[in-house]
Amino acid sequence: MKRLQSSSAAALVLLASSVGVASAQVPVAVPGNAVVARVGDVTVAQDEIEKLLQALPEAERAAVKADRSTLDGWLRQRLLSEAVLRDARAKGWADKPEVKAKIDAATREVAARVVSATYLDAVSQVPAGFPSDAEVKAAYEQGKTGYNLPAAYRVAQIYLATPDRSAAAVAKVRDEANRLARQARTGDFAAVARASSQDKRSAERGGEVDTLPLARMLPELRDTIAKLKPAQVSEPVQSEAGFHVVKLLDVTPARTATLDEMKPQLQAALRQQRQQQLVQAYLAQVAPATALSIDAAALDAALKKTN
């Protein structure tokens, strides 16, 4: 979890400038666009945070939403950085010759990277029709043994939260979960879930959660679900957040993914592979290996001078 938090924080930093959160704002009354954070007249608005989160990969976005400390820390750092930048600009710091020289050098470096990267993309464009259906099928057959899909379990649940972690409060919720489990076994599970489950999304669907492999379920539930037979209802299972009474609705056995299921992934992989080939071909043309040389003695001399 700590590793995922670190990558999420890094992703927030990398994405900030691309979605516009890095720019300081003066508060403006815009309906439905509340100010999320401020220091003085420097603010970050709600719509900017939404853009930032949408730009994150799904797993990192979920981690940030689950652990507010990452986002809170980023907001504080962003506002502090903007406050410092405003103060420096107000005092003409960017006009100092030595600072201006560093800005110019950084601008030239960034410009050179943008020109090189966009040009390399242009000269390595993959034809629109690539790969063909035959090429996708050949790739599928070649890697077919690795396209295994694990068994998937269609489950429904009755969920009761335990926000109060005291022993007495947890015991009370456990007793209620046991009562609902008995009621669900002898009656209509979906009706009990709609009336009593505290997970609103699944309760509206009669408790149905989704069809998922065990690896994507809560660790506390995996063993219980794996042992259930279709239509069987479990005893209450305690997780960190509460108690779950689970019903197994159906099981899809493990199988090999079909060509149609793998096609989008294979197309993307083959296009990426082809682009890399085009890049290497272009680089070999503009900088042939036979024309490239490194003077080891001169390099050694340069290394020694930096000691």
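The values are calculated or read from the model by the stated rules, or taken from the named source; none is laboratory data. Everything numeric in this text was worked out from a predicted model, so none of it was measured. Methodologically, a virtual Cβ is constructed for each residue, glycine included, from the backbone with ideal geometry; neighbour enumeration extends over all protein chains shown.
Points worth noting:
- Of all residues in the range 227-256, none satisfies the criterion of being in contact with a Leu (Cβ under 6 Å, 6 or more places away or on another chain), over 15 Å from Leu160 (Cβ atoms) and small (Gly, Ala, Ser).
- Residue within the range 82-96 that is within 30 Å of Glu240 (Cα to Cα), surrounded by 14 or more Cβ atoms within 10 Å (Cβ to Cβ) and not assigned by TED's automatic domain parsing to the domain that holds Glu240 present: no
- First in the range 196-223 and among the hydroxyl-bearing types (Ser, Thr, Tyr), second anywhere and modelled with pLDDT of 95 or more and part of a loop (DSSP other than H, G, I, E, B), Cβ under 9 Å, 6 or more apart: Ser197/Gly207
- Scanning the range 18-56 for residues that are modelled with pLDDT under 80, part of a loop (DSSP other than H, G, I, E, B) and out of contact with any strand residue (DSSP E or B) (no Cβ under 9 Å at 6 or more places or on another chain) gives Gly20, Ala22, Ser23, Ala29, Pro31, Gly32.
- Set Val237, Val245, Val233, Val192: member being touching a His at 6+ places or on another chain (Cβ under 8 Å), at pLDDT 95 or above and not aromatic (Phe, Trp, Tyr): Val237
- Residue in the range 256-267 that is of a type in the set (D, E, K, R) and part of a loop (DSSP other than H, G, I, E, B) present: no
- Within the range 182-217, being under 20 Å from Ala152 (Cβ atoms) and surrounded by fewer than 13 Cβ atoms within 10 Å (Cβ to Cβ) holds for Arg201, Ala215, Arg216.
- If the condition is being in contact (Cβ under 8 Å) with a residue 12 or more places away in the chain and aliphatic (A, V, I, L, M), then the range 96-124 contributes Leu120, Val123.
- Ala66 meets the conditions (1) of a type in the set (A, V, I, L, M); (2) under 30 Å from Phe189 (Cβ atoms); (3) modelled with pLDDT of 95 or more; (4) exposed (fewer than 14 other Cβ atoms within 10 Å of the Cβ) in every case but one. The failed one is (3).
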